[in-house]
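Report on one structure; see the data block that follows.
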Amino acid sequence: MSDHYETLGVPRDASAEDIKKAYRKKARKLHPDINPSAEAAEEFKRVSHAHDVLSDPEKRRIYDQTGNENGQAAGGFGGGGFGGFGGFSDIFETFFNQSPSGPASRTRQGQDALITVRIDLKDAVFGTNKPITVDTAVTCDVCQGEGTAQGTHPETCEVCHGQGYMARQVQSILGTVMQQVECSACHGFGTVIKHPCPECYGEGRVRERKPLTIKIPAGVNNGARIRLAGQGEAGIAGGPNGDLYVELRVNPDPTFSRDGDDLHATVSISMAAAALGTTITLETFDGPQEIEVKAGTQSGDVVTLKDLGATRLRGGGRGDLRVHLQVNTPTDLTEEQRELLRQFAELRHEDLQAGETVTEKHGFFSRFKERFEK
């Protein structure tokens with residue numbers, strides 16, 4: 001029996017997408033509508049069978065472990081003297097099993113998908129509807145998911161007569177017994193597609209870039225995931241769609257940062273404005289807001305604007321906007337300006353060569369102690 005990986009020309013660690021691409025490449029050359037030779041038809045059957053096995057995760061796992069998609073290890077009996085069977089219950093189940101309930105369904109649910117979408121901080125604060133484009137598998141418009149060429153349908157398998165399984169004599173430790181096995185002609189489906197759809201090559205789905213609009217809730221955090229039910233890959237042979245998961249990444253904002261439900265911004269003010277006090281205007285997500293800078297403001301002081309932060313994802317309401325004031329010390333003074341500052345220092349009796357040491361009495365524990373001593 002030929003190796004399925006060699007038949008498709010892929011390595012044993014090939015991904016599901018690589019297997020699909022290899023099958024489509026060979027199918028284009030070997031399909032009976034394109035190459036009517038008997039050799040091509042036989043090779044097309046082998047390629048289709050290899051694809052059916054390797055594209056099914058469970059069949060592939062069994063094939064990789066045993067070398068046979070039916071789960072029988074190559075080379076006869078395995079460990080334990082029972083040909084790779086797990087025990088007596090497996091032996092009786094294998095050799096005396098009843099007929100399967102019927103042929104397997106071709107339809108399979110599509111896979112879930114995960115994509116990453118970047119949004120601005122303002123969109124995370126207020127929420128938005130964001131249009132995106134997803135590269136995914138969609139139902140084939142030509143065959144409507146059936147997988148057959150127009151005017152044709154899956155035909156009853158002539159080997160198993162639609163049952164999807166066959167009886168086979170097997171030599172065992174108990175003698176010659178009959179075993180029900182998957183039909184090698186239809187692979188258990190009970191029907192065969194003699195004329196595959198030229199668009200999807202019998203899968204019932206094709207890859208396409210599909211537009212979607214995502215509703216992003218207000219207050220969403222960086223790294224959050226949104227589940228869009230039924231927006232994942234279309235199923236095989238008309239099977240149901242999988243789900244689409246959208247992971248959100250919030251772009252850094254040039255002005256604001258976020259901490260929980262609060263927003264933070266740093267505003268620079270001049271030394272004179274900090275000393276004399278002033279009113280400045282800050283452009284926020286809610287429009288321009290006036291900020292009162294009190295006389296004697298120190299670098300690092302914070303002005304809080306209530307309810308201008310991020311929307312709370314659960315519970316309603318909004319956080320606050322905290323504006324951090326940074327006092328700029330001028331570095332490009334003219335000689336005239338430097339002289340004016342010296343005169344100012346003299347008027348305040350300030351010693352330019354002396355520094356003020358912050359003693360322990362100004363610390364938190366000192367204030368805590370003084371409160372209890374009063």
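Along the stretch 193-207 the Karplus relation, 6.51 cos²θ - 1.76 cosθ + 1.60 evaluated at θ = phi - 60°, assigns HN-Hα couplings of 9, 7, 10, x, 4, x, 8, 10, 6, x, 7, x, 8, 9, 8 Hz to successive residues, with x for each Gly and Pro.
Relative contact order for the stretch 141-262: 23 percent, from Cα pairs under 8 Å spaced at least 6 residues apart, divided by residue count. Taking θ as phi - 60° and the Karplus parameters 6.51, -1.76 and 1.60, the scalar couplings of the stretch 309-314 work out to x, 6, 5, 6, 4, 10 Hz in sequence order, x denoting glycine and proline. Residues whose amide H falls under 5 Å from that of Thr148, counting only those 5 or more places apart or on a different chain, are Cys197, with hydrogens built in the peptide plane. Phi-derived couplings, Karplus 6.51 cos²θ - 1.76 cosθ + 1.60 at θ = phi - 60°, listed residue by residue for the stretch 15-24: 6, 4, 5, 5, 5, 5, 5, 5, 5, 5 Hz, with x used for Gly and Pro. Net charge in the neighbourhood of Arg12 (other residues with Cβ under 14 Å of its Cβ; Lys, Arg +1, Asp, Glu -1) is -3.
Computed with every protein chain present, the accessible area of Ser184 is close to 90 Å² [probe 1.4 Å]. What does the charge add up to near Lys122, with Lys and Arg as +1, Asp and Glu as -1, over the other residues with Cβ less than 14 Å from its Cβ? Net charge around Lys122: -1. Spin-label model, Glu208 to Glu283: label points 7 Å out along the Cα-to-beta-carbon direction sit 4.2 nm apart.
Take the Cα of Val142, step 7 Å along the line toward its Cβ, and report every residue of the stretch 174-215 whose backbone nitrogen sits under 11 Å from that point. Output list for this probe position: 196-206. Backbone amide hydrogens, once placed in the peptide plane, bring Asp112 within less than 5 Å of Asp243, excluding anything fewer than 5 places away on its chain.
Projecting the Cα atoms of Gly188, Ile269, Gln231 onto the charge dipole of the stretch 176-279 (Cβ charges, centred on the Cα centre) puts Gly188 farthest toward the positive pole.
Under a 5 Å amide H cut-off, with hydrogens placed 1.01 Å from N, Cys140 pairs with Gly145, Arg205, Val206 among residues at least 5 apart or on other chains. Within 10 Å of each candidate Cβ there may be at most 16 other Cβ atoms; applying that plus a DSSP loop requirement, which trypsin sites (Lys or Arg not before Pro) in the stretch 222-306 survive? Taking the stretch 222-306 and a limit of 16 other Cβ atoms within 10 Å, the loop trypsin sites (Lys or Arg not before Pro) found are Lys294, Lys306.
The values are calculated or read from the model by the stated rules, or taken from the named source; none is laboratory data. Bear in mind the structure is a predicted one, so any value in this text is a computation, not a measurement. Cβ coordinates were reconstructed from backbone atoms using ideal geometry, including for glycine residues, and neighbour counts include every protein chain displayed. SASA here: full protein model, heavy atoms, side chains in, ligands and nucleic acids out. Shrake-Rupley method; radii C 1.70, N 1.55, O 1.52, S 1.80 Å.
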